[in-house]
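Readers should treat all values here as calculations from the given coordinates under stated rules, not as data from a laboratory. If you're wondering where the values come from, they're calculated on a predicted model, not measured in any experiment. So basically every Cβ, Gly included, is an ideal-geometry build from the backbone, and we count neighbours across all protein chains shown.
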Amino acid sequence: MIEREQVLHVARLARLRLTDDEVERMTGELSGILDHIEKIGELNLEEVAPTAHVVELENVLRPDEPRPSLSRERALDQAPDSDGVGFRVPRPGATRED
């Protein structure tokens, strides 16, 4: 069982502010997760190959083939600020008045 202090420590590391009710709820939920992990650790999985997905996935990506795209003029047509070659954006830290 995970302790309240451990939940508070993890919350501090994650920069989370939890109410007392949330700390209590997280204590129970994290304890449940750790119990499940402990049960999995008791299983004999030596003959089980590591997997990334439960079901096998094939051909999940389309072929990477060139195809027509927007012209530069069309892409820049709706830009709020363009120099005709690319998008113009403010310098980092600049204000609209700069």
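Where does helix 4-13 land angle-wise versus the long Cα axis of the chain, in degrees 0 to 90, nearest 10?
It works out to around 20 degrees.
Once you have the Cα-Cα distance between GLU56 and GLN78, take 0.36 nm times their residue separation minus that, and quote the gain in nm to one decimal.
Details: separation 22, 0.36 × 22 = 7.92 nm, distance 4.31 nm.
3.6 nm is the gain from fully extending GLU56 to GLN78.
Sort the following peptides by mean Cβ neighbour count (other Cβ atoms within 10 Å, averaged over residues), highest first: 83-90, 28-35.
So the peptides 83-90, 28-35, ranked by packing, come out 28-35, 83-90.
Of the listed values [x] 26.4, 67; [y] 27.6, 68; [z] 12.5, 40, grab the one calculated as Rg and Dmax of the Cα atoms in Å from the structure here.
[x]
Can you give the angle from 0 to 90° between the axis of helix 20-41 and the longest principal axis of the chain, with both taken from C-alpha atoms, to the nearest 10?
That helix lies at roughly 80 degrees to the long axis.
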